[in-house]
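A short worksheet on the structure shown next.
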Amino acid sequence: CAAGTFKAEPGAALCETCGVNEYSGINASACVACHANSSSLPASPGVEYCLCDPGFYPSDGLCTMCHAGRFKNTTENEPCRSCTGNTFASELGATACSSCLVFSPFSTANPSEGGVRCQCIAGYTQTELNLTTPACSACPPNTFQPSQGQTTCELCDPNARSPEASVTPLACLCNAGFF
């Protein structure tokens, strides 16, 4: 029998085709199931035709779930891709990245968590640090916030004023009569 087919019993019967998610080498007496989280077409001639499903990547001959912050949306033996450009994937085995909300376009800066969650931009705060998609609030007038992903705004000097959503202490301008 040719690769991708099998014959279980001796005799003159024709070889049978391996089914979906199975493969065989030449002269096989049975088909072998593809490993977990992979798929193949009928009559696949080898294990290399078992392709990792979406959300999984090849690792040591198996298909492993994509790590948080990464995704894969195709059935192929390719690595998972990183979420980029204001997107995130907080769960394992993601097949797509989700978009961050308005004013939270940054994924976490920690490389071990890259693309796992969104953070509010400078000038805005979020209620908790570990939220996946935080709702962001503008720093009120007379305050500022120079860093992304913060939960509080910093106060301007008592004799200075700043506009809403200020990102630097330089936005705190002295009141009349003060310098």
Practice task
Give me the percent of the accessible area of segment 25-95 that comes from carbon and sulfur atoms, probe 1.4 Å, all protein chains in place.
Solution key: 56
Practice task
Return the distance in nm (one decimal) between the two label points of a simple spin-label model at Val20 and Ser147, each offset 7 Å from Cα along Cα→Cβ.
Solution key: 5.2
Practice task
For Asn77, enumerate residues with amide H under 5 Å from its amide H, sequence gap 5+ or separate chain, H modeled in the peptide plane.
Solution key: Cys52
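If DNA, RNA and ligands are ignored and the probe is 1.4 Å, what is the ranking of Ser40, Ser90 by accessible area, most exposed first? Can you show the working numbers first?
Numbers: Ser40 10, Ser90 55 Å².
In descending accessible area the options line up as Ser90, Ser40.
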Completion exercise
For Lys7, Lys72, the accessible-area ranking with a 1.4 Å probe, largest leading, is Lys7, Lys72
Practice task
Hey, can you find the accessible area per residue of the chain for me, probe 1.4 Å, expressed in square angstrom?
Solution key: 57
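The values are calculated or read from the model by the stated rules, or taken from the named source; none is laboratory data. Note that the structure is predicted; figures quoted are calculated from it, not measured. Methodologically, a virtual Cβ is constructed for each residue, glycine included, from the backbone with ideal geometry; neighbour enumeration extends over all protein chains shown. What goes into the accessible areas is simple: the full protein's heavy atoms, side chains included, and nothing from ligands, DNA or RNA. Shrake-Rupley method; radii C 1.70, N 1.55, O 1.52, S 1.80 Å.
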